[in-house]
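Presented below is the structure to which this report refers.
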Amino acid sequence: MRPHRLRFHLVDSDRSWSARQRRRRADWLARTFPDLEKMHVIDLGGRLGTWTRADMRPARVHVVNLERPPTDVPDWAEVDRADACDLPARITSRRYDLVFSNSVLEHVGGHERRLRFADAVRGLGDRHWVQTPYRYFPIEPHWIAPGMQFLPVRLRTAFARRWPLGHKPTRSHEAAIHQVLWTELLDRSQMRHYFPRLADPRRAGGRPAQVADRRPRGRAAGPAALTRRAPQSPRAGPRPRCPRRAGAAVRRPYVRRGLARRARCRAACRSSRPRSGCPGPSRAPGPAA
C-alpha cells in the first residue's frame, strides 16, 4: 500500500480512527454548547470547510487565518486574513458568543505568542473552546510517527524528510525544519497555564487531544462541568485526624522497642548463645543419640 493511501486510511478517511475521534469532539462541543446554532462564532486559525461539513453549524461564523481568503464565501460566513496573535482593531473591537480554535495553539510559535493568543481568545468573548493535541500521546499526530515529538530538532528534521506519512511530505531540509520548528505540542501543565479551565482529555475523544472550554456560570451542565469538584457539606467541629497519623505517636515507641529486641536476638543467635524468648539459630536435626 502506498504511503498516501495508508495515511488516508489512518487519518483522512471517514471511517478512520482519527475521524471517529473528531466526531466525538464535535458531539462534545454540541453537548457543551446546545445553543450553538444560534451563536456568532469566531474561528481563530480555522478553515471555512470545517463549518461547511459540520453537522451543527452556527448562525454566523467569522474565520480568521493567515491563508488567502476563498473567493466563494457563503452568506452565513465571514473570512479575514490576519494573525490570531496580533489581531487588528476591526476584530478586537467586536464581541462573539463563542471563540473557537482547533489544533492551532501548537503552531503559533513560542511561549510569548501563545500568551498573546490566549489573551486574544479571552478578549473576544466570554465562552471559548480551544483544542490542541496532547504532547505525551505516543504518536505524533502531524506525521503519524511514534515518539517523534520527543526527538531532538536535528533528528525530527531528518525524520520529517524521510517519513512518508507526514501531512506535508517534503524532501527539502529547509522546508522540513520549518515544519518541525513551527510544531510544538503542549502538555497539560502548559495548557493550564494559558487556559486555567482545562477539561478532562478523556472526554475530548481520548488522550490524543486536550480541550480548554469556558462557559458562564448558571448554564446547563455539560461534560466539562462534570470535572468540577462537588461542593462539600459543612462539617461540625474540627476535622478528625487520620487514624494512622493519630496512632503514629503511640506506635512509634513500640516499633523502636521491637526493632531493638530483634537486633539483640539476631546478635545472640550469631554468637550461638540463645536468649530467653529467642528460638535460636535453626539447625538441621542430627542423628538420635
message = Compute the distance from the alpha-carbon center of region 7-61 to that of region 148-180, in whole Å.
response = 28 Å
note = The farthest towards the positive end of the charge dipole of region 1-153, of the residues TYR134, VAL79, TRP17, given +1 on Cβ of Lys and Arg and -1 on Cβ of Asp and Glu, is TRP17
request  = Could you tell me which of rounded, prolate or oblate describes region 99-139, using a ≥ b ≥ c as the square roots of the eigenvalues of the alpha-carbon gyration tensor, with rounded for a/c under 1.5 and, failing that, prolate when a/b is larger than b/c and oblate otherwise?
outcome  = oblate
task = Could you list which residues have their amide H under 5 Å from that of LEU186, counting only those 5 or more apart in sequence or on another chain, with H placed in the peptide plane?
result = ARG135
message = With the crude spin-label approximation of a point 7 Å out along Cα→Cβ, what separation in nm comes out for VAL73 versus PHE150?
response = 4.4 nm
message = Under a crude label model (7 Å from the Cα following the beta-carbon direction), how far is LEU10 from ARG53 in nanometres?
response = 1.9 nm
inquiry  = Quick check: residue separation of TRP17 and HIS111 times 0.36 nm, minus the Cα distance between them. What number comes out in nm?
reply    = 30.7 nm
task = Using label points projected 7 Å from each Cα along Cα→Cβ, tell me how many nm separate ARG60 and HIS193, to one decimal.
result = 3.6 nm
request  = Figure the gain on full extension for PHE137 and SER93 (residue separation times 0.36 nm, minus the Cα-Cα span) and round it to one decimal in nm.
outcome  = 12.1 nm
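Just so you know, all these numbers are worked out from the coordinates, no wet-lab data involved. Everything numeric here is computed off the predicted structure, so don't read it as measured data. With ideal geometry, Cβ positions are generated from the backbone for all residues, glycine too; neighbour counts draw on all protein chains shown.
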